[in-house]
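Novice: Let me begin by handing over the structure; questions about it come next.
What follows draws every value from the coordinates through simple rules; no lab data is involved. Computed from a predicted model, the values in this text were never measured in an experiment. Virtual Cβ from ideal backbone geometry, glycine too; neighbours counted across all protein chains shown.
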Amino acid sequence: MKLEIKTNFDFGKMANKLPKVIDKFLNESYAGVVAQDSKKFIESGQVKPKLSKESTIPIRTRDGFSKKPLYRTGTLADSITKSKKGLQMKSYGTLHHSGYSPTGGWIKGKTVPPRPFLQVNNLSKIINKLFNALKVARKK
C-alpha cells in the first residue's frame, strides 16, 4: 500500500516565512490583546494583593487618588500599549509586576509585593489571529 500526500503550498517557503509571521504576530496582534486586557484588569481594581488599609488607602483617600492597586492616577494603565517592538509601558510597570525592594526614602527592609497585571483573557481570540496570519502567509 502506497501513501500519497498532496499539498497546495510549499513547506520550504512556509518555513522561511514562519519566523517573520510569528514576529509580526507577537509584536502586533498578541501585544495589542495583552495591552487591552491588562488595562481593563488594572482599571477594574482586581489586581492582587490589595492595598494596605493601614498606610496606603488612608494616604490615597487624603490626597484624592484612586484606591485601586496600580491605579493611583491611571498613568500606568494608560501607558500600556502595543508598538512595533511589542508591548510598551512605563518602566516602573515591570517592577510592580514582579515586586521589588525600594532603596532610599522608604522604611528599611520594606518590600513591594508582586502585583501581576499582564493579562490575556481570551486565548482563543489570539490563537485565531495566529491561524489567520499563517493562512495569509501560506497564500503568498
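Novice: With only Lys, Arg, Asp and Glu charged, each at its Cβ (+1 for the first two, -1 for the last two), find how big the charge dipole of the chain is about the Cα centre; round to the nearest 20 debye.
Specialist: Dipole of the chain, to the nearest 20 debye: 240 debye.
Novice: The list [x] 45, 14, 13; [y] 43, 19, 13; [z] 22, 17, 16 gives values of semi-axes √(5λ) of the Cα gyration tensor in Å, and only one came from this structure; which label was calculated from it?
Specialist: This structure yields the entry labelled [x].
Novice: Related question: Only helices at least 24 Å long along their axis, Cα-based, and averaging 0.0 or more on Kyte-Doolittle count here, so list those DSSP H runs from the chain.
Specialist: 123-139
Novice: Now, a different point. When we measure straight from the Cα of Lys17, which aspartates and glutamates land under 12 angstrom away, once same-chain ones fewer than 8 places off are left out?
Specialist: Correct list for Lys17: empty, as no aspartates and glutamates qualify.
Novice: A further question on this structure: Got a sec to turn the phi values of the stretch 64-80 into Karplus ³J(HN,Hα) couplings, 6.51 cos²θ - 1.76 cosθ + 1.60 with θ = phi - 60°, whole Hz, x for Gly and Pro?
Specialist: With the stated coefficients, the stretch 64-80 comes to x, 9, 5, 9, 7, x, 6, 10, 4, 10, x, 5, 4, 4, 5, 7, 6 Hz.
Novice: Taking 0.36 nm per residue of sequence separation and subtracting the Cα-Cα distance, how much length would be gained by fully extending the chain between Leu123 and Ser55, in nm to one decimal?
Specialist: 20.8 nm
Novice: Scan around Val112 for amide H atoms under 5 Å from its own, H built in the peptide plane at 1.01 Å from N, and keep only partners 5 or more places away or cross-chain.
Specialist: Amide H neighbours of Val112: Tyr100, Ser101.
Novice: Taking R0 as 22 Å, what's the FRET efficiency between Lys48 and Ser101 from their Cβ-Cβ distance, rounded to 0.05?
Specialist: Taking R0 as 22 Å, the efficiency between Lys48 and Ser101 is 0.70.
Novice: Given a 10 angstrom Cα cut-off, can you work out which residue in Val47, Val21, Val112 is the most mobile in a GNM of the chain?
Specialist: With Cα springs under 10 Å in the chain, the top fluctuation among Val47, Val21, Val112 is at Val112.
Novice: Over 22 Å between Cα atoms, which of Lys20/Lys90; Lys40/Lys90; Lys85/Lys139; Lys50/Lys125; Lys50/Lys82 qualify?
Specialist: Lys20/Lys90; Lys85/Lys139; Lys50/Lys125; Lys50/Lys82
Novice: Okay, next question. Grab the Cα-Cα distance for Leu3 and Asp78, subtract it from 0.36 nm times how many residues apart they are, and report the gain in nm with one decimal.
Specialist: 21.4 nm
Novice: Give the aspartates and glutamates whose C-alpha is closer than 13 Å to that of Lys84, dropping any in the same chain fewer than 8 places away, or say none.
Specialist: Once the sequence-local aspartates and glutamates are set aside, what remains near Lys84 is Asp23, Glu28.
Novice: Let me ask something additional. Hey, if you put +1 on the Cβ of every Lys and Arg and -1 on every Asp and Glu Cβ in the chain, which of Ala137, Ile127, Pro102 ends up farthest toward the positive end of that dipole?
Specialist: Comparing the listed Cα positions along the dipole, Ala137 ranks first.
Novice: May I pose another question? To the nearest 500 deg cm²/dmol, what mean residue ellipticity at 222 nm is calculated for the chain from DSSP H runs of n ≥ 4 alone, each contributing -39,500 (n - 2.57), summed and divided by the residues?
Specialist: -14000 deg cm²/dmol
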